[in-house]
Amino acid sequence: MKWVLLFLIIIITLLGGAAFLVAPYHIYTTAITEGVDTSFLKLSPTRNELYDGGEFILEESERTKFINTTIFKKIHINNFELYLPIDNPAVVFIPEIKLESNVHKVGFELLDQKNNFLFKFIVERPYKFKTIHGDQKLFLLPIYQHFIQQKDEKKLWGDLFYKKLSLPSNEGKSFLESLKELRSIKYEELVYNLFILYNRHNFFIDDVEKIRLLKETNIGMGNLVRSDEKIIRERIYYLENGVVYPITITTNQSILMAQSFRTLFINNLKFKISKQDSAIALSSESKRFSFQNRTDQKGMIYLFSAWTHDFKNKDFLTVIINFLERGNANIKYLKPFYEFAYKQFGTSLSQDKNFKLETAEERIKRETQEELDKEILEANKSKSSVDKVTEDPNELIDLNLKKAKELKIDSDDKKQNLSIE
């Protein structure tokens, strides 16, 4: 009986010790799946999509050689340099222009000649990248705070997209093997994982379904919720000097050409800061085109790209619209510019009366300016007429005599008026 009792005590002790060793990992798993609410850490339940990141790899089926790079041109739009199929006659470019909270969002929607959707990208609002502790006391404990602070920005950024937070599976392993594998993960690492998860909650919006990292370029990728199985929506996160520059792309997976555009776009995307000088360079490039190209899609792409570096330049936008209005069947390109111009400046900036739309205030300004321009023109015409007459010496003498006579009459009248008074 004593041996049985001793055996039971040993078993209970071993089980208790094992439970004690496993308890932190069990608590950790519960925290990331069901959430936790304590004085040291408050964490809401986490969506499965945010547990584990991973590496973003283009599948072989996506690495198609469909693209003929001779028809693709590198172009600088806002803060990015990218390849676009500008010289591909089978592709229609529709400008994407949004103004939200005084922030411009720009890009292009690509269609085929039958107006089937292919691919779209839009450059979103940039924002500062920073990790947060919030009021979580756990992350502020000296031992864990020091462990977190040892990670530099690049490491934190990569772990935000790449790090797997779920614990190793125990499937097919003995209890001891699983315990040994768990014990290899330090408590500091568990707390760091919770810190990454806490920041994922704050960094990713609710419609992110999957997160991955393109390790070669350190670009973050997030799959967005979609309502159509044929259409995939993704957000690209580019980190540069502590600032996140996001781009949202949408691809029609059912069309091979669209998949090709997506592949080329992701593989060749580069950061290039937007400057007003960039607008001048792109505008100069467009001036080399023929008149036909300057009034069609190609010229529009270059002028639009130039304008993305100088959003407040109303004259620039006016030039884009005026050139497109000289071309044929350009209303599909013009509509986004008309709508944006009216929203931003109160006028569509159109020279075509059929598309001229303006607020009452802008109409008064325009009519006042037109009257002023008319007066200046008439004054210049009158001056030009006089200057032309006085070029002949004989006419100049006659003109002076006539003026002298008029002066004498005016003088006599003044004297008469003076005497009457």
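Here are some notes:
- Dimensionless Rg ratio for the range 179-243, taking C-alpha atoms and the 2.2 N^0.38 Å reference: 1.46
- Taking 7 Å steps out from each Cα toward its Cβ at residue 127 and residue 326 produces label points 4.3 nm apart.
- Between residue 51 and residue 216, the simple label model (points 7 Å from Cα in the Cβ direction) yields a spacing of 3.0 nm.
- Taking all pairs of distinct alpha-carbon atoms in the range 47-274, Kirkwood radius in angstrom: 19.7 Å
Rule-based calculations on the coordinates, nothing more; no lab input. Model, not experiment: these values are computed from the prediction. Glycine gets a Cβ as well: all are built from the backbone with ideal geometry, and neighbour counts include every protein chain shown.
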